[in-house]
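K.L.:
Pasting a structure below so you can have a look.
Laboratory data are not the source of any read-out in this text; all were calculated from the coordinates shown. Small disclaimer: the values here were computed from a predicted structure and weren't measured. Counting neighbours? That spans all protein chains shown, and the Cβs are built from the backbone with ideal geometry, glycine included.
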Amino acid sequence: MVNASRASRPDVENASVPDIATPLISWFRQEARDLPWRRSGFPAWGTLVSEIMLQQTQVARVIPRLEAWLTRWPTPADLAASPPADAVRAWDRLGYPRRALALHAAATVIATEHGNVVPRDVDALLALPGIGDYTARAVAVFAYGDRHPVVDVNVRRVLKRVLRGQGDPGPAKAKDDLPLMESVLPDDRDDAATTNAAVMELGALVCVARSPACDACPIADRCAWRAAGYPEHDGPRAPKQAKFAGSDRQVRGLIMAELRASDVPVARSEIEPVWPDAEQRDRALASLLRDGLATGDDATGYRLPDA
Ligand code: SF4
């Protein structure tokens with residue numbers, strides 16, 4: 001039994017919160033996937049890179065890119081010494097390439113203002129360019145083992161089902177979600193970090209959005225949603241991810257692929273074949289220029305930033 005006293009915790013809606021930490025920690029030790037960022041000795045810089053890559057991108061696609069990235073840039077200073085275009089190129093097809101620019105900007109600050117060491121303090125992490133609340137907490141907990149609640153979409157789904165009896169997590173609300181995670185964290189620092197990782201893993205492997213595998217769930221006997229007979233959720237739902245096919249995001253990706261593949265500026269006429277709708281193509285190119293992911297004009301051609 002882990003030390004799961006909650007006497008000094010912020011109030012949550014449930015007066016009595018079940019101990020889910022004890023069974024989850026045991027389950028996690030046996031069932032967790034062997035992922036690079038969970039291996040002993042994995043650097044904090046690797047945790048930061050992996051957390052940014054994992055936002056919006058599946059684990060299987062992240063692992064090879066992450067390993068190549070850390071081989072090429074083993075510390076923040078190594079990345080900061082390369083031009084942003086190299087980061088965008090190495091991002092390859094992970095999607096949402098603004099994350100590559102944000103990582104480059106964060107690496108530059110870590111190298112110049114933090115002695116090339118990823119900060120441990122959540123506020124110092126939050127002060128880095130492009131680092132949001134989730135990533136700051138995840139680095140403090142998973143790289144340094146500190147005790148903070150970390151909430152992603154998988155955590156929200158599990159906790160809302162187990163503690164609130166609600167099948168759909170609803171829209172993210174930090175004011176609600178963080179105290180809910182806090183309410184199940186053991187006092188012990190290591191147990192708290194493992195519990196947080198275990199809730200995430202349960203949401204990724206067992207308590208999935210559609211067809212949760214309740215027969216294989218280590219906390220099935222404590223799940224309020226299951227006990228209530230899986231009632232339909234009638235409140236606001238978590239927003240669905242916008243369709244990729246035909247979206248501006250797809251067109252941006254196609255233009256970026258052209259720019260990444262070329263060592264010389266790309267003429268607008270070479271970009272035209274990537275997408276038939278000229279208005280949408282122009283809008284996508286303009287947004288890439290605005291985001292700093294591309295530079296140039298019709299006279300000089302288009303290229304990655306600082307290529
Ligand atoms: S019992 Fe089912 S719904 Fe409840 S936490 Fe486990 S997998 Fe999720």
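K.L.:
Compute the acute angle (0 to 90°) between the alpha-carbon long axis of helix 98-113 and the principal axis of greatest extent of the alpha-carbon atoms of the chain; round to the nearest 10°.
P.N.:
Around 80 degrees separate the two axes.
K.L.:
For the chain, what Kirkwood radius comes out of the mean inverse Cα-Cα distance, in Å?
P.N.:
Numbers: mean 1/r = 0.0471 Å⁻¹.
In the chain this quantity evaluates to 21.2 Å.
K.L.:
Need one word for region 118-247: rounded, prolate or oblate. Basis is the Cα gyration tensor (sqrt eigenvalues a ≥ b ≥ c); a/c below 1.5 gives rounded, then a/b vs b/c decides.
P.N.:
Oblate, since a/c reaches 1.5 and b/c is not below a/b.
K.L.:
When 194, 71 are ordered from fewest to most other Cβ atoms inside 10 Å of their Cβ, what list results?
P.N.:
71, 194
K.L.:
Here's a follow-up. Using the charge dipole of the chain (Lys, Arg: +1 at Cβ; Asp, Glu: -1 at Cβ; taken about the Cα centre), state which of 119, 26, 68 has its Cα farthest towards the positive end.
P.N.:
So the residue furthest toward the plus end is 26.
K.L.:
Just add up the charged neighbours of residue 161: K/R +1, D/E -1, any other residue whose Cβ is under 10 Å from the Cβ of residue 161.
P.N.:
Numbers: positive: 156, 157, 160, 164, 226; negative: 168.
Charge balance in the 10 Å sphere: +4.
K.L.:
Related question: Order the peptides 17-23, 215-221 from the highest to the lowest mean number of other Cβ atoms within 10 Å of their residues.
P.N.:
Packing order, densest peptide first, comes out as 17-23, 215-221.
K.L.:
With a 10 Å cut-off between alpha carbons and a GNM built on the chain, which of 49, 153, 199 moves the most?
P.N.:
Of 49, 153, 199, the Gaussian network model singles out 153 as fluctuating most.
K.L.:
Quick one: what are the phi-derived ³J(HN,Hα) couplings along region 118-124, Karplus 6.51/-1.76/1.60 with θ = phi - 60°, whole Hz, x for glycine and proline?
P.N.:
4, x, 9, 6, 4, 5, 5
K.L.:
Expressed as a rounded percentage, what relative contact order does the chain have, with Cα pairs under 8 Å and six or more residues apart?
P.N.:
20 percent
K.L.:
Let me ask something else about it. Sum -39500 (n - 2.57) across every DSSP H segment of at least 4 residues in the chain, then divide by the residue count to get the 222 nm mean residue ellipticity, nearest 500.
P.N.:
Values: 15 runs with 149 residues, N = 307.
Taken over the chain, the calculation gives -14000 deg cm²/dmol.
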